[in-house]
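Inspection log for the structure reproduced underneath, given as C-alpha cells.
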Amino acid sequence: MSRPSDYTDGRDDGPSEQPVSQPKLGVVGWLRWIWRQLTSMRTALLLLLLLAIAAIPGSLVPQRSSDPNGVTQYFTEHPDLAPVLDSIQMFDVFTSAWFSAIYILLFTSLIGCVIPRVKHHIGALRAKPPRTPVRLSRLSDYSDVTYSAGDGVEADAAAAVSSARDLLKKSGYRVELYEAPATKTSPASISVSAERGYLRETGNLVFHSALLLILLVVGIGGGFGYSGQRVVVEGQSFVNVLGDYDSFSPGRFFDPSQLAPYSLTLDEFNVDYETENLNAYGQPIDFEANVTTRTPSGDAHDTAIKVNEPLRFEGTDVYLLGNGYAPTITVKDPEGNIVFTDSVPFLPQDSSTLTSVGVVKVPDGLDKQLGMVGFFYPTAYPLESGAYTSTYPDLEYPLLTLNVYTGDLGIDGGVPKSVYSLDVDGMTQLTGGDTGVESIELMPGQSTELPHGLGTIEFVNENPQKGSYAGSVHRFASFDIHSDKTQLGVAIGAGLVLLGLLTSLFVPRRRVWVKAYDNDDGSVRIEYAGLARGEDPGLADAVESVAYRHGTALGVDRE
C-alpha cells in the first residue's frame with residue numbers, strides 16, 4: 001500500500017521531509033504519565049500478583065512475629081545462611097520495607113483505579129438509556145413480527161410500545177421512550193430503549209472497594225493489635241503483662257494499656273499417639289492443652305486449647321503453636337545447697353520421635369558459671385556409635401545426656417542472650433566431645449556428681465509414685481497470644497469481595513429495544529433486538545422471551 005505524498009516518519013532524509021516536533025513533557029507531564037501508569041488496572045493486577053509472591057517467603061522461613069523459637073533454631077541450623085536472610089528481612093517479611101512498599105503501591109493504585117470508575121458509574125446510572133438504533137435489523141439478535149386485527153391485536157404502535165415499556169420495566173430494565181419521524185427509507189416509529197446489568201459494574205466496584213477496605217483495615221487497624229509468644233510448662237502460669245512474654249511484636253499504635261489483665265495456667269498437656277497402624281506408629285493424632293484462665297475478679301474457667309481450636313478470651317486469641325518436654329533439673333553446690341532448679345524447655349529436633357535439645361545455665365551459686373548443653377530422648381535407644389536416638393515420642397525410656405561447660409556465660413554484660421543457645425567460645429568443656437570424660441547420663445529420679453567437684457545434678461522425677469515413667473517429665477506448650485483489631489473489618493471486606501465478584505460474574509449487561517410502526521393497512525409491525533456488552537450467551541433467549549411475553553400482553557391469539 002503506497003503512502004501519501006505528505007507522509008513523514010520523523011526522519012530528515014531529504015529536503016521535502018520535516019522531522020516531527022514533539023513537546024517536552026516536563027516535570028508535571030512526567031508525573032501525570034507515572035500516575036496514569038500506576039493507576040492502570042494492569043498495574044494493579046501486577047502489584048496484587050507481586051504481593052502474593054512477596055508473601056511466599058513468610059511461609060518458607062520462620063517469622064519472628066509468630067515463631068521466634070523457630071527463628072532461633074534456624075540460626076542454629078543454618079549459621080551461614082540465616083544472617084544473609086536476616087539482612088533482607090526474611091524473618092520479618094510482613095513488616096519489611098519491600099513488602100510494605102508493594103502494599104502501599106497497591107493501595108495507591110487501587111484508589112486511583114476505583115475513584116474515577118465510581119464517578120463514571122454514577123454518571124452512567126443517572127443517564128438515560130441510549131437512543132434506539134435506526135436499523136435494528138443489523139443487530140445479530142433480532143426478530144420482527146406484524147400483527148393485524150385478525151391476530152386479535154387491537155392496538156396501534158404507541159400502545160404496543162407502551163405495553164413493551166411496562167413489561168421491560170417490570171423485568172428490571174431502565175426504560176426510555178423515543179419517537180423517530182418518517183424518512184425517505186423508513187416510516188415514523190416509536191420505540192422503547194431498555195437496558196439492565198449496571199449491577200455488574202456495581203459489583204465490580206464493590207469488589208475493588210472491598211479490597212481497598214481490607215488493605216486499609218489491615219494496614220491501619222493492624223497497628224493497634226499485637227502478638228506475643230510464651231512457652232508455658234505444665235503447672236506454671238502466664239500473666240498477660242508485657243514483661244511475661246518470651247517475645248512480643250506490637251503494632252505501630254500499640255499501647256501497653258491494651259493488654260487485658262488475666263492469667264493462664266497450663267494444667268496438663270495431653271498427646272494421643274497412633275498405636276494401631278504400624279505404618280504410622282508413634283505419629284501424633286491429637287494435641288490438647290488443658291488450661292485455667294483467671295481474671296482480676298477471681299473468676300476461673302477451665303478449657304482446652306487445640307491446634308485448630310484457639311482460646312478466645314478477653315479480646316485475645318490464644319493459639320497452640322508447639323510442644324515438647326521440659327526436664328526438671330536441680331543443681332546443688334558441694335554443701336548440698338540448691339543453686340538452680342527449673343523445668344527447662346528442650347526444643348524438639350525431630351517431630352516423629354521428639355529428640356530434643358536444651359540449654360541449662362547456672363550463673364550463680366557455684367565457684368564458676370556453669371553451662372550445659374543437653375539432649376533428651378523420650379524413648380532412648382543406643383546406636384552402634386555409642387550415641388543415642390529416640391524411637392518413640394512418648395516417655396517409655398527417657399534419658400537425659402548433658403555436656404558440661406564452665407566459664408563466662410556472657411550474661412553479665414547486659415546484652416540479651418537466647419535461653420535456647422549457649423555460646424561456648426571462651427568456655428571450658430568438662431564432659432563429652434574430646435575431653436575424654438563421658439557425658440552425664442540421667443534418667444528421671446537419678447542424680448550424679450558434677451565434674452571437678454562443682455556439686456551435684458539431679459534429673460527430677462515429677463511423678464515418682466506412678467511406677468512407670470509416664471508423667472515423669474513435664475511437657476511444655478508454646479502459645480501465640482494474638483490481639484487482632486481487624487477481624488471484623490476483614491470479615492466484612494471478604495464478604496463484600498465475594499458478593500461483588502459473584503455479581504460481576506453472573507449479572508449480564510445488555511440492552512433491548514422494541515420498535516413499532518403503524519402500517520397503512522392497519523397492522524402493526526414490531527421489531528425486537530438486543531445487544532450485550534461482552535459475552536452473553538443468554539441474550540438471544542432474552543430477546544425471544546421479551547417478544548413472546550410482549551405478544552401475550554398484547555392479546556395475540558397463539559392457538
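The values are calculated or read from the model by the stated rules, or taken from the named source; none is laboratory data. What you are looking at is a predicted structure, and each value in this text was computed from that prediction instead of being measured. Here Cβ is always computed from backbone atoms with ideal geometry, including for glycine, and neighbour counts include all displayed protein chains. What goes into the accessible areas is simple: the full protein's heavy atoms, side chains included, and nothing from ligands, DNA or RNA. Shrake-Rupley method; radii C 1.70, N 1.55, O 1.52, S 1.80 Å.
The set of residues in the range 425-434 that are exposed (fewer than 15 other Cβ atoms within 10 Å of the Cβ) and either in contact with a strand residue (DSSP E or B) (Cβ under 8 Å, 6 or more places away or on another chain) or modelled with pLDDT of 95 or more (or both) comprises 428, 433.
Residues in the range 360-387 that are over 22 Å from residue 343 (Cα atoms), among the hydroxyl-bearing types (Ser, Thr, Tyr) and not in a loop (DSSP other than H, G, I, E, B): 381 alone. Just wondering, is there one or more residues in the range 396-404 that are more than 24 Å from residue 454 (Cα to Cα), touching a residue at least 24 places away in the same chain (Cβ under 8 Å) and open to solvent by 20 Å² or more (accessible area, probe 1.4 Å)? Within the range 396-404, one or more residues are more than 24 Å from residue 454 (Cα to Cα), touching a residue at least 24 places away in the same chain (Cβ under 8 Å) and open to solvent by 20 Å² or more (accessible area, probe 1.4 Å). For the residues 177, 106, 167, the requirement of being in contact (Cβ under 8 Å) with a residue 12 or more places away in the chain, surrounded by fewer than 17 Cβ atoms within 10 Å (Cβ to Cβ) and hydrophobic (A, V, I, L, M, F, W, C) singles out 177. Where helices (runs of 4 or more DSSP H) sit wholly within the range 1-74, those with at least 3 residues that are at pLDDT 70 or above and loosely packed, with under 12 Cβ neighbours inside 10 Å occupy 26-38, 41-54.
Go through the residues of the range 236-256 one by one and say whether even a single one is open to solvent by less than 40 Å² (accessible area, probe 1.4 Å), modelled with pLDDT of 90 or more and assigned to a loop (DSSP other than H, G, I, E, B). Among the residues of the range 236-256, at least one is open to solvent by less than 40 Å² (accessible area, probe 1.4 Å), modelled with pLDDT of 90 or more and assigned to a loop (DSSP other than H, G, I, E, B), which makes the answer yes.
Check 82, 97 and return the single one that is surrounded by fewer than 15 Cβ atoms within 10 Å (Cβ to Cβ) and either farther than 26 Å from residue 217 by Cβ or of a type in the set (Gly, Ala, Ser) (or both). Selected residue: 97, the only one of 82, 97 that is surrounded by fewer than 15 Cβ atoms within 10 Å (Cβ to Cβ) and either farther than 26 Å from residue 217 by Cβ or of a type in the set (Gly, Ala, Ser) (or both). None of 332, 368 is under 18 Å from residue 422 (Cβ atoms), charged (D, E, K, R) and out of contact with any His (no Cβ under 6 Å at 6 or more places or on another chain) except 368.
In this entry, residue 454 is excluded by the filter for residues that are under 26 Å from residue 72 (Cβ atoms) and either touching a Lys or Arg at 6+ places or on another chain (Cβ under 6 Å) or surrounded by 15 or more Cβ atoms within 10 Å (Cβ to Cβ) (or both). Once the range 356-382 is narrowed to residues that are β-branched (Val, Ile, Thr) and open to solvent by 30 Å² or more (accessible area, probe 1.4 Å), the residue that is farthest from residue 441 (Cα to Cα) is 357. Residues that are aromatic (Phe, Trp, Tyr) and modelled with pLDDT of 90 or more occur at least once in the range 542-552. The residues of the range 515-531 that are open to solvent by 30 Å² or more (accessible area, probe 1.4 Å) and either closer than 30 Å to residue 201 by Cβ or in contact (Cβ under 8 Å) with a residue 24 or more places away in the chain (or both), listed by number, are 518, 519, 521, 522, 525, 531.
As a summary of the residue check, residue 393 satisfies the conditions (1) touching a strand residue (DSSP E or B) at 6+ places or on another chain (Cβ under 7 Å); (2) farther than 26 Å from residue 71 by Cα except for the one numbered (2). Residue check: is residue 119 without any contact (Cβ under 8 Å) to a residue 24 or more places away in the chain, exposed (fewer than 13 other Cβ atoms within 10 Å of the Cβ) and either on the phi < 0 side of the Ramachandran plot or not in a loop (DSSP other than H, G, I, E, B) (or both)? Answer is yes for this residue. Take residue 347 and tell me if it is modelled with pLDDT under 95 and open to solvent by less than 30 Å² (accessible area, probe 1.4 Å). Here the answer is yes, as residue 347 does meet what is asked. Filtering the range 271-309 to residues that are of a type in the set (A, V, I, L, M, F, W, C) and either closer than 24 Å to residue 471 by Cα or open to solvent by 70 Å² or more (accessible area, probe 1.4 Å) (or both) leaves 271, 278, 280, 285, 287, 289, 291, 304, 305, 307. Cβ-Cβ distances below 8 Å connect the following pairs, each with a first residue in the range 455-470 that is under 26 Å from residue 372 (Cβ atoms), a second residue that is of a type in the set (Gly, Ala, Ser) and buried (at least 18 other Cβ atoms within 10 Å of the Cβ), and a separation of six or more residues or different chains: 461/472; 462/472; 463/472; 464/472. With respect to the stated conditions, residue 426 fails to be on the phi > 0 side of the Ramachandran plot, part of a loop (DSSP other than H, G, I, E, B) and in contact (Cβ under 8 Å) with a residue 24 or more places away in the chain. Among the residues of the range 317-332, are any more than 24 Å from residue 70 (Cβ to Cβ) and not in a strand (DSSP E or B)? For the range 317-332, residues more than 24 Å from residue 70 (Cβ to Cβ) and not in a strand (DSSP E or B): absent. Taking the criterion of being of a type in the set (Gly, Ala, Ser) and either within 47 Å of the chain's Cα centre (by Cα) or part of a strand (DSSP E or B) (or both), the only residue of the range 446-463 that qualifies is 447.
Comparison of 471, 489, 495 shows that the only residue that is part of a loop (DSSP other than H, G, I, E, B) and open to solvent by less than 70 Å² (accessible area, probe 1.4 Å) is 471. Only one of these conditions is not met by residue 154: (1) modelled with pLDDT under 90; (2) acidic (Asp, Glu); (3) under 53 Å from the mean Cα position of the chain (by Cα). Which number is it? It fails just one condition, (3). For the range 291-316, a tally of residues being part of a loop (DSSP other than H, G, I, E, B), under 30 Å from the mean Cα position of the chain (by Cα) and on the phi < 0 side of the Ramachandran plot returns 3.
The selection criterion, being open to solvent by 20 Å² or more (accessible area, probe 1.4 Å), touching a residue at least 24 places away in the same chain (Cβ under 8 Å) and either among the aromatic types (Phe, Trp, Tyr) or in contact with a strand residue (DSSP E or B) (Cβ under 9 Å, 6 or more places away or on another chain) (or both), holds for residue 554.
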